[in-house]
Amino acid sequence: MAQDDWGRLMAAAQAGNGGAYTRLLGEIDEWLNAYFRRRVPPDAVSDITQDTLLAIHEKRHTYDPQRAFGPWLAAIARYKWIDRLRAMSRDPTEPLPDTVAAPDLEEAQLSALTLEDLMQRINPAQATAIEMVKIEGHSIEETASRTGQSSSLVKINIHRGLARLAARVRDRRDET
C-alpha cells in the first residue's frame, strides 16, 4: 500500500474510524518488521516493532493529514531504533560459550530428598533437635528454649536421632 494511503487511513483513524486504524496498524506492522530486521538483532525485532506501534498510537494526534505520512512514520521508527541502540550499548551482551559452567544441582537435590525421607523416619523431637542444631546452626540452649525441652534432652535427642539415622543409612546400603 502506498504511504499516501496510510496518510488517508491515519486521517480516518483520527476522525474515529476504528476499522481504518486497525488496518493501518496491521500494514505498518509489516513495514516496521522489515525496517527493523535490517537494523537490530533478530531477537529484538518484535519488541522494537511493538514499542514503535505503541509510540505511533500515543503520538497519532500529532500527525498532520496535510503532510506526507511516510516521513512522520519514519521519524518515529528512527527515534525508537536510536533508543534501542542506546539501550543495547548500556546493557552489552556477550555470547555464551557452548559449554557454560553451571553447578550440578542433581546431587544436592537428591541429598536433600534423602535427608528429608530419613528425618521423617525418626522421632519428631529428635528430628527437630537435629534440624535446629546440626542443620540450621542454633545453639543447644536456643533449641531447648524454642522446643520447650531441657538442654540435656536436646543433647540426648540429637545423639539418639543421629544414631538412628546412621542405622537407617547402613540399612539402605545393605539393601543395594
**Report entry** the stretch 45-69, residues that are among the small types (Gly, Ala, Ser) and either free of Cβ contacts under 8 Å to residues at least 24 places away in the same chain or crowded, with 17+ Cβ neighbours inside 10 Å (or both)
**Finding:** Ser46
Requested in this report: Quickly run through the stretch 70-95 and pick out the residues that are exposed (fewer than 13 other Cβ atoms within 10 Å of the Cβ) and at pLDDT below 85.
Outcome: Ala87, Ser89, Arg90, Asp91, Pro92, Thr93, Glu94, Pro95
Query raised in the report: Inside the stretch 40-65, can you point out the residues that are among the charged types (D, E, K, R), more than 16 Å from Leu25 (Cα to Cα) and at pLDDT 90 or above?
Result: Asp64
Report task. Report the residue count in the stretch 122-152 for those that are assigned to a helix (DSSP H, G or I) and without any contact (Cβ under 8 Å) to a residue 12 or more places away in the chain. Result -> 8
Query raised in the report: Failed condition for Leu110, given (1) modelled with pLDDT under 90; (2) over 30 Å from Arg146 (Cα atoms), with all others met?
Result: (2)
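The values are calculated or read from the model by the stated rules, or taken from the named source; none is laboratory data. Keep in mind it's a predicted model, so treat the numbers as computed, not measured. Cβ atoms come from the backbone with ideal geometry, glycine included; neighbour counts cover every protein chain shown.
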